[in-house]
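Chemist: Have a look at the structure that comes next, please.
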Amino acid sequence: MNWQSGSFDTNISYTLDGMNRQESMNLHYWYLPNPGKPKLLFLHGWAEYGLAMNRLAAPFIKGYDILAPDARAHGHSDGPPSHYTVNERVEDLEAVLNETGFIPNIVIGHSMGANIGTAAAIRHPEWIKGLVLIDPSWEGGFETMVNPEQEAKYWTRTIHQWKRFNEAQLLRFAQKNFPQWHPEDHEHWVKGKKLIKENTLNGYQYTMPRWDDYIENLPCPGVLVTGDPTKGAIISPETAAASKLRWKGLREIVNIPNAGHYVHHYEVEPIQRALQSLIESVFSQDN
């Protein structure tokens, strides 16, 4: 797909060493313009980048206007020395949307991106009419850290390893550990790991809101995509069942058997079908 790219500078404020600071941050985004068509916003997960869901987006390129930002400290976006909370990432997203004039109708988010999409949908119900949440980090991961400092050290070491290996070495690692994936997904996984900035771990102890803090506030319909927790996926069957009860607009739970946390790299067709069904439902209601 012939993604176009853009970037712009935005001003941010943060506190560092007890002092309030301001600086300029460059945010990067990818887009497939199709003016006048429904707008799909793809939000990648932690340690990936804007094109991580390229295969998932493929069937929609001709009929939809598509935007896929690089989150701060990911892809080609800057990684300032500020806290990396959901609220700050939503503010970044708002800056991208204001810059591009892109008002999303449907948001598709993975992990960290699913959390950002959830928070954005609550903040902007007038924009977002549907959500596809792919293994959001609602339990485990960043949100229920037993020892934040220990986990931050672990991920610091891991990022250093990603930087130390060259792309060919990382590709061999991905091929060996994720043999079920499409080669294109191996390549995007590698790029995400090489492009991530270590600053993404700053403020690691500031956890994101837990799913039960906001799931009942979701104003729009959606789809929850889950994998296999024994393979590394986050959402358990128990959490999925609870979500069905508490998210009144949850239309479908799509489970990809034997899929780890990067669920969309294992099998995209069921997710694409669920997304298409959600789109048709949302826009039939509008009409």
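Chemist: Rg and Dmax in Å for region 4-286, alpha carbons only: what are they?
Modeler: Rg, Dmax (Cα atoms, Å): 17.8, 52.
Chemist: With springs only between Cα atoms under 10 Å, which of Glu267, Glu23, Glu151 fluctuates most in a Gaussian network model of the chain?
Modeler: Taking springs between Cα atoms under 10 Å, the residue moving most is Glu23.
Chemist: Whole number please: convex hull volume per residue, Cα atoms of region 1-69, in Å³.
Modeler: Working: hull volume 7.3 nm³, N = 69.
Looking at region 1-69, the number lands at 106 Å³ per residue.
Chemist: Could you tell me what % of all Cα pairs in region 69-190 have separations over 23 Å?
Modeler: Details: 3261 of 7381 pairs.
Here the tail beyond 23 Å accounts for 44 percent of pairs.
Chemist: Let me ask something additional. Could you identify which residue out of Glu94, Glu238, Glu252 has the top mean-square fluctuation in a GNM of the chain using Cα springs shorter than 10 Å?
Modeler: Glu238
Chemist: Normalised by the residues of region 147-287, what does the relative contact order come to in percent, with Cα pairs under 8 Å and at least six apart?
Modeler: Working: 137 pairs, mean separation 30.0, N = 141.
Once normalised by length, the contact order is 21 percent.
Chemist: Positive end of the charge dipole of the chain (Lys, Arg +1 and Asp, Glu -1 on Cβ, about the Cα centre): tell me which of Gln150, Met53, His186 has its Cα farthest that way.
Modeler: The residue sitting farthest along the positive end of the dipole is His186.
Chemist: Tell me which residues come under 5 Å, amide H to amide H, from Leu250 once H is placed; ignore anything under 5 positions away on its chain.
Modeler: Gly222
Chemist: Out of all DSSP beta bridges with both ends in the chain, state the antiparallel percent to the nearest 5. It would help to have the intermediate numbers written out before the result.
Modeler: Details: 17 of 38 bridges.
Percentage antiparallel, nearest 5: 45.
Chemist: Run through region 228-287 and list the trypsin sites (Lys or Arg not before Pro) located in a DSSP loop whose Cβ has at most 16 other Cβ atoms within 10 Å. Numbers along the way, then the final one.
Modeler: Working: sites: Lys231, Lys244, Arg246, Lys248, Arg251, Arg273; in loops: Lys248.
Taking region 228-287 and a limit of 16 other Cβ atoms within 10 Å, the loop trypsin sites (Lys or Arg not before Pro) found are Lys248.
Chemist: Still on this structure: Considering only Ala121, Ala52, Ala242, give the residue with the highest GNM mean-square fluctuation for the chain, with springs between Cα atoms whenever their separation is below 10 Å.
Modeler: With Cα springs under 10 Å in the chain, the top fluctuation among Ala121, Ala52, Ala242 is at Ala242.
Chemist: I'd like the Karplus ³J(HN,Hα) series for region 46-52: coefficients 6.51, -1.76, 1.60, θ = phi - 60°, whole numbers in Hz, and an x wherever there's a Gly or Pro.
Modeler: 4, 6, 10, 8, x, 8, 4
Chemist: Can you give the relative contact order of the chain as a percent, counting alpha carbon pairs under 8 Å and 6+ residues apart? Provide the component values of the computation, followed by the final result.
Modeler: Details: 561 pairs, mean separation 53.3, N = 287.
Reported relative contact order: 19 percent.
Chemist: Using each residue's phi in region 153-161, evaluate 6.51 cos²θ - 1.76 cosθ + 1.60 at θ = phi - 60° and report the 3J(HN,Hα) Karplus result to the nearest Hz, with x for Gly and Pro.
Modeler: 5, 4, 6, 4, 4, 5, 4, 4, 5
Chemist: What are the residues whose amide H is under 5 Å from the amide H of Leu43, where those residues sit 5 or more places off or on another chain and H is modelled from the backbone?
Modeler: Distant-sequence amide H within range of Leu43: Ile108, Gly109, His110.
Chemist: Let me ask another. Apply the Karplus parameterisation 6.51 cos²θ - 1.76 cosθ + 1.60, with θ equal to phi minus 60°, to every residue of region 30-43 and state each ³J(HN,Hα) to the nearest whole Hz, in sequence, with x for glycine and proline.
Modeler: Residue by residue, region 30-43 yields 10, 8, 10, x, 8, x, x, 9, x, 10, 10, 10, 9, 10 Hz.
Chemist: Still on this structure, please answer the following. Counting only residues 5 or more places away or on other chains, whose amide H sits under 5 Å from the amide H of Ala73 once H atoms are built in the peptide plane?
Modeler: Excluding prolines and chain starts, which carry no amide H, the hits are Asp78, Gly79.
Values in this text are rule-based calculations from the coordinates and carry no lab data. Keep in mind that this is a model prediction, so the values were computed, not measured. All Cβ positions, glycine included, derive from the backbone under ideal geometry; neighbour counts span all protein chains shown.
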